[in-house]
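The values are calculated or read from the model by the stated rules, or taken from the named source; none is laboratory data. Since we're looking at a predicted model, the values are computed, not measured. Because the Cβ atoms are built from the backbone with ideal geometry, glycine has one as well, and the counts that use them run over all protein chains shown. Accessible surface is based on the protein model in full, side chains and every heavy atom, while ligands, DNA and RNA are left aside. Shrake-Rupley method; radii C 1.70, N 1.55, O 1.52, S 1.80 Å.
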Amino acid sequence: MKADPSAQVRLLDLQDLDSRADQLRHQRRTLPETARLAELTEARTITENQARDARIEVDDLAVEQAKVDADVEQVKTRRERDRQRIEQGLISNPKDIQRMQQEMVSLERRITSLEDDEIEVMERAEEAQRTLDSLIAQLTDTDAEIADLSAARDARLAEIDQALGELDGQRGPIVEDVPADLIALYDRLREAKGGVGAALLRARRCSGCNLDLDHAEVATIRATAEEEVVRCDECSRILVRTAESGL
């Protein structure tokens, strides 16, 4: 393949632009904000599920609390009714009075037991509510961090996209200066060689693979016409010759 030496040198400018673009695209794919957002989103899902479960527990305990409260009031009402009947003399039979007094003792024990249950349920409900409040606070903090990180990520993506656009605008004129067949070769090599298709030959070393050329290869390149496109024997990349090549 042949190409004007100036066109071959332009490949180095193109390679520089493409390498910078590759770096920007890598940055775009590996933004720390993106990774952190993924972590936060996963953590938020877990917290949201925990908050849902906590809310269910709070609601269930509220129902249980209402039932225990109702049971306590019901037994107290019955005890008060029996006491009034005795005090008002509505019960005259001694055996009935004795029976009711024994029942009132049982009711007192029942009230004590229910009030203990009431306290236990209340404590559980308070603990469940504290847990729910803590989880809601975590969700609020996480949402705020997600919002801040999303804004930072979007701003960084906009900067990268703008820089990529500028590089793409600079690339067009360079491509026009290089023969199509040389561009096609360069693109194939870039794809196969980790993004580097053309390398400067500096001081008899390929800057693509960073290996020194042996004497035979240097002699061959020195004898090759400037218009001929030469390739590195080691990495197959296009070697661009300049005054720095040491030939």
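Mean residue ellipticity, 222 nm, helices only, the chain: the sum of -39500 (n - 2.57) across DSSP H runs of n ≥ 4, divided by residue count and rounded to 500, is -28000 deg cm²/dmol. Based on C-alpha pairs under 8 angstrom that are at least 6 apart in sequence, the chain has a relative contact order of 33 percent.
The stretch between M1 and R78, if pulled fully straight at 0.36 nm per residue, gains 16.9 nm over its current Cα-Cα span.
Among Q27, Q102, Q65, the largest mean-square fluctuation in a Gaussian network model of the chain (Cα springs under 10 Å) belongs to Q102.
Computing Cα Rg over 2.2 N^0.38 Å for the structure here picks out one of [x] 1.13; [y] 2.36; [z] 0.96, namely [y]. Within the chain, the selection of entire DSSP H helices by a Cα span of 27 Å or greater along the long axis and an average Kyte-Doolittle value of at least -1.0 returns 94-177.
Return the equivalent ellipsoid semi-axes of the range 90-151 as a descending list in whole Å, where each equals the square root of 5 times an eigenvalue of the C-alpha gyration tensor.
Equivalent ellipsoid of the range 90-151: 57, 8, 4 Å, largest first.
GNM on the chain, alpha-carbon springs under 10 angstrom: the most fluctuating residue among A125, A158, A66 is A66. For the range 30-116, the average shadow cast by the Cα convex hull is 7.5 nm², which is a quarter of the hull's surface.
For the pair I56 and A147, a Förster radius of 22 Å applied to the C-beta separation gives a FRET efficiency near 0.20, rounded to the nearest 0.05. Round to a whole number: what % of the accessible area of the chain belongs to carbon and sulfur, probe 1.4 Å? Using a 1.4 Å probe with all protein chains present, the chain comes out at 49 percent carbon and sulfur. Per residue, the accessible area of the chain comes to 61 Å² when a 1.4 Å probe rolls over the protein heavy atoms. In the elastic network of the chain, a GNM with C-alpha springs shorter than 10 Å, the most mobile of S134, S106, S207 is S106.
Please give the net charge around V196, taking every other residue with its beta carbon less than 10 angstrom from that of V196, where Lys and Arg add +1 and Asp and Glu add -1.
So the surrounding residues net to +1.
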